[in-house]
Amino acid sequence: MIEGLPIYIPITFLIATFATLFFFFLASNKSKAVLFGSLGLMAAQGILAYQGFFEVTDTIPPRFALLIGPPTVLTIILFITKPGRRFIDNLNNQTLTYLSIIRIPIEMVLFWLFIEEWMPEVVTFEGRNFDIVAGITAPIIAFFGYKKKKFRKPVLLIWNIVCFLLLANVVTLAILAAPSPFQMLEWDKPTIAVMHLPYCWLAGYIVPVVFFTHLANIRELIKSN
């Protein structure tokens, strides 16, 4: 846990975290596997973070790989197996798109953590992070694109690809600025908040889920064409 932070930072982050879980749960047609699988993953990550596991930064491979590794493997399994693809095809793409709204409070949390010197400037909207654009445009795309059908599918496809790349950009910056044997950016103020509870869920749950929403939407749009 990070002590001394203004209370609105962890509160905002926790609201965004469980909003991510809520939207994902709804998009999966209230799948119990999604609900309990998500809670189990977050509990395991939270226990490790609470015990200081991720704060050890001189190992190879870096310990924070255990945050992003399991969700990444699970995503690959879902896309390459028939049951996984069946699960993806049954998702509600409009709800998956609404989920990206949580990127707005997340960007605020990143900025506040930068002010408190727990995150580097490069991963905020004052640095090289433009991911807040995805959060601002998400409700427009979800409502007019998926519900009202005012946007053609190429527009939806381009939006998902661009937002995927925006997220990939900030994730790459965060990894390069994380304290590890491979650190290349922000030596004076590295990415350290995500090694603590509850911010470990940013790398371990929120980011993988958002990545997954775009991949699922892209798959659906390509298939429908």
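Out of the residues in segment 121-137 meeting the condition of being open to solvent by less than 70 Å² (accessible area, probe 1.4 Å) and assigned to a helix (DSSP H, G or I), tell me which one is nearest to VAL162 (Cα to Cα).
In the first step, residues of segment 121-137 are kept if they are open to solvent by less than 70 Å² (accessible area, probe 1.4 Å); the result is 122-124, 127, 129, 131-132, 134-135, 137.
Filter once more, keeping what is assigned to a helix (DSSP H, G or I): 122-123, 132, 134-135, 137.
Working: VAL122: 19, VAL123: 17, ILE132: 12, ALA134: 8, GLY135: 12, THR137: 12 Å.
Checking each candidate, the answer is ALA134.
Applying the selection to segment 138-156, what residues are open to solvent by 40 Å² or more (accessible area, probe 1.4 Å) and either of a type in the set (Ser, Thr, Tyr) or in contact (Cβ under 8 Å) with a residue 60 or more places away in the chain (or both)? Step through it out loud before you land on a result.
Initially, segment 138-156 is screened for residues open to solvent by 40 Å² or more (accessible area, probe 1.4 Å), giving 139-140, 143-144, 147-155.
Of everything in segment 138-156, just one residue is open to solvent by 40 Å² or more (accessible area, probe 1.4 Å) and either of a type in the set (Ser, Thr, Tyr) or in contact (Cβ under 8 Å) with a residue 60 or more places away in the chain (or both), namely LYS153.
Would you point out the residue of segment 94-120, among those that are open to solvent by less than 60 Å² (accessible area, probe 1.4 Å) and charged (D, E, K, R), that is nearest to THR213 (Cα to Cα)?
ARG103
Note down all Cβ pairs under 6 Å where the first residue falls in segment 96-107 and is touching a residue at least 12 places away in the same chain (Cβ under 8 Å) and assigned to a helix (DSSP H, G or I), the second is surrounded by fewer than 24 Cβ atoms within 10 Å (Cβ to Cβ) and among the β-branched types (Val, Ile, Thr), and they're at least six residues apart or on different chains.
Every condition considered, the pairs that remain are THR97/ILE141; PRO105/THR12; GLU107/ILE132.
Among the residues of segment 144-161, is any under 21 Å from MET195 (Cα atoms), in a helix (DSSP H, G or I) and not aliphatic (A, V, I, L, M)?
Start the filter on segment 144-161 by keeping residues that are under 21 Å from MET195 (Cα atoms), which leaves none.
Scanning segment 144-161 turns up no residue that is under 21 Å from MET195 (Cα atoms), in a helix (DSSP H, G or I) and not aliphatic (A, V, I, L, M).
Out of everything in segment 9-26 that is open to solvent by 60 Å² or more (accessible area, probe 1.4 Å) and without any contact (Cβ under 8 Å) to a residue 60 or more places away in the chain, what residue ends up being nearest to HIS196 (Cα to Cα)?
ILE11
For segment 54-93, enumerate the residues that are of a type in the set (S, T, N, Q) and surrounded by 17 or more Cβ atoms within 10 Å (Cβ to Cβ).
Keep residues of segment 54-93 that are of a type in the set (S, T, N, Q), which gives 57, 59, 72, 75, 81, 90, 92-93.
The answer is THR75, ASN93.
Can you tell me how many residues in segment 27-53 are part of a helix (DSSP H, G or I), open to solvent by 60 Å² or more (accessible area, probe 1.4 Å) and not charged (D, E, K, R)? Break it down into steps so the answer makes sense when it comes.
Initially, segment 27-53 is screened for residues part of a helix (DSSP H, G or I), giving 27, 32-50, 53.
Next, only the ones that are open to solvent by 60 Å² or more (accessible area, probe 1.4 Å) stay: 32-33, 36, 39, 47, 50.
Add one more test, that the residue is not charged (D, E, K, R), and what stays is 33, 36, 39, 47, 50.
Of the residues in that region, 5 qualify.
Identify all residues within segment 162-179 that are crowded, with 21+ Cβ neighbours inside 10 Å, part of a helix (DSSP H, G or I) and among the small types (Gly, Ala, Ser); write none if there are none.
The one that is crowded, with 21+ Cβ neighbours inside 10 Å, part of a helix (DSSP H, G or I) and among the small types (Gly, Ala, Ser): ALA174.
So if I check each of VAL133, VAL155, which one is more than 18 Å from the chain's Cα centre (by Cα) and not charged (D, E, K, R)? Working first, answer last.
Details: VAL133 fails: more than 18 Å from the chain's Cα centre (by Cα).
Testing whether each residue is more than 18 Å from the chain's Cα centre (by Cα) and not charged (D, E, K, R) leaves just VAL155.
The values are calculated or read from the model by the stated rules, or taken from the named source; none is laboratory data. What you are looking at is a predicted structure, and each value in this text was computed from that prediction instead of being measured. Every residue, glycine among them, receives a Cβ derived from its backbone with ideal geometry; neighbour counts consider all protein chains shown. Keep in mind that these areas ignore ligands, DNA and RNA; they rest on the heavy atoms of the full protein, side chains included. Shrake-Rupley method; radii C 1.70, N 1.55, O 1.52, S 1.80 Å.
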